[in-house]
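Reading through the structure tokens given below for one structure.
The values are calculated or read from the model by the stated rules, or taken from the named source; none is laboratory data. Just so it is clear, the model here is predicted, and its values are computed rather than measured. Cβ coordinates were reconstructed from backbone atoms using ideal geometry, including for glycine residues, and neighbour counts include every protein chain displayed.
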Amino acid sequence: MNFTPPDWQSEWASPDVKNWANGKFHVDMAQSMERACFDFMMIEDTVMVADAYGGTMEGSLKNAVFAPKQDPIPLAVMVAANTTKMGVVATMSTSFYPPYLLARACSTIDSIAEGRFGWNIVSSAEDRAAQNFGLEGLPEHDERYNVAEEYFDVVNKLWDSWEPDAVVMDRDTNTFADYRKVRTIDFEGKYFKSRGPLNTVPSPQHRPAFFQAGASPRGRAFAAGAADAIIAVGTGTAGMKEYRDDIRARAEQAGRNPDDIKLLFVVSPTIA
């Protein structure tokens, strides 16, 4: 799902639909999903108003198709604070979030969620989004994944900058955290540089659950090496099996146990 206007045109629209941007509609939806024993909800995101159709923004805004779209992070916090069991996954782009900022936000939200937060890792694909951040456009597809891989390395090092038992809260010695168990990462790569450490305490999961939706060969390679769960589009039984077999083979090549990756194929039910 995403943080966009719900149904507002039909006779079944919520009577409070004009206030959809306060997040309460989506929190109510999350609570209903939790009662129905759903495992998690994933909030998709983009950071631009599309103008591809007809060369104007009319199509997007008139029909509320891709815009308006609210930021998923505050909604993820609201959902986490108003549920007890269901996971909540938010989309954040490696093209636009500074690694330290993302690592810190994820750590904080996972603590609020008590270990139920996930990060949907995207590199973004729209030049219109890049232009909102002072860029002319995005790098080409495979280069974006090169950046994402180094980004993934940085944020994991930041989450590991605190040892799990660094917080001691020892009243006898008046020690909150053992400084010997909090370290700089001194990372310097091709694309990113970060001293560290994070200034947040380790969250319940220590890092968020990782979600990805790689479909291209380069995207599959990244997903197989990084993701805890992969969202994929089903293209018939044969196509789904090919995708699964390919991901498992790539995971083994990356030194991972393929069974550690949950592969989830998208279905779109039509209610008549």
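Some notes on this structure:
- Tallying residues that are in a helix (DSSP H, G or I), more than 20 Å from LYS62 (Cα to Cα) and of a type outside the set (A, V, I, L, M, F, W, C) within segment 1-31 yields 5.
- In segment 211-235, residue farthest from the chain's Cα centre (by Cα) [restricted to those that are of a type in the set (A, V, I, L, M, F, W, C) and part of a helix (DSSP H, G or I)]: ALA221
- Among the candidates ASP170, ASP160, residue that is modelled with pLDDT of 95 or more, within 26 Å of ALA76 (Cα to Cα) and of a type in the set (D, E, K, R): ASP160
- Which numbered condition SER124 misses (of (1) at pLDDT 95 or above; (2) buried (at least 17 other Cβ atoms within 10 Å of the Cβ)): (1)
- Restricting attention to segment 97-125, the residues that are closer than 19 Å to LYS193 by Cβ and over 12 Å from the mean Cα position of the chain (by Cα) total 5.
- Among the candidates ARG244, ARG180, the residue that is surrounded by fewer than 18 Cβ atoms within 10 Å (Cβ to Cβ), within 23 Å of the chain's Cα centre (by Cα) and without any contact (Cβ under 8 Å) to a residue 24 or more places away in the chain is uniquely ARG244.
- Segment 26-51, residues that are surrounded by 13 or more Cβ atoms within 10 Å (Cβ to Cβ) and polar (S, T, N, Q): GLN31, THR46
- Answer residue from segment 190-205, given it is within 19 Å of TRP159 (Cβ to Cβ) and exposed (fewer than 14 other Cβ atoms within 10 Å of the Cβ) and is nearest to the chain's Cα centre (by Cα) among those: PRO204
- Residue in segment 158-180 that is assigned to a helix (DSSP H, G or I), closer than 25 Å to TYR100 by Cα and touching a Gly at 6+ places or on another chain (Cβ under 7 Å) present: yes
- Hey, PRO208 surrounded by fewer than 21 Cβ atoms within 10 Å (Cβ to Cβ), under 21 Å from PHE117 (Cβ atoms) and either touching a residue at least 12 places away in the same chain (Cβ under 8 Å) or touching a helix residue (DSSP H, G or I) at 6+ places or on another chain (Cβ under 6 Å) (or both) or not: no
- Pair list, Cβ under 6 Å, 6 or more apart: segment 116-131 residue under 30 Å from ALA81 (Cβ atoms), other residue hydroxyl-bearing (Ser, Thr, Tyr): ASN120/THR91; VAL122/THR91; VAL122/SER93; SER123/THR94; SER123/SER95; SER124/SER93; SER124/SER95
- Of the set (1) surrounded by fewer than 15 Cβ atoms within 10 Å (Cβ to Cβ); (2) under 19 Å from the mean Cα position of the chain (by Cα); (3) at positive phi, all apply to GLY23 but (1).
- Subset of segment 236-272 that is in a loop (DSSP other than H, G, I, E, B) and more than 25 Å from ARG144 (Cα to Cα) - its residue that is modelled with the highest pLDDT: ASN257
- When segment 57-97 is filtered for residues that are free of Cβ contacts under 8 Å to residues at least 12 places away in the same chain and polar (S, T, N, Q), the ones remaining, listed by number, are SER60, ASN63.
- Selected residue (criterion: surrounded by the fewest Cβ atoms within 10 Å (Cβ to Cβ)) from residues of segment 220-241 that are charged (D, E, K, R) and touching a residue at least 24 places away in the same chain (Cβ under 8 Å): ASP228
- From the list PRO164, PRO197, PRO217, the one residue that fits, being touching a Ser or Thr at 6+ places or on another chain (Cβ under 9 Å) and not aliphatic (A, V, I, L, M), is PRO197.
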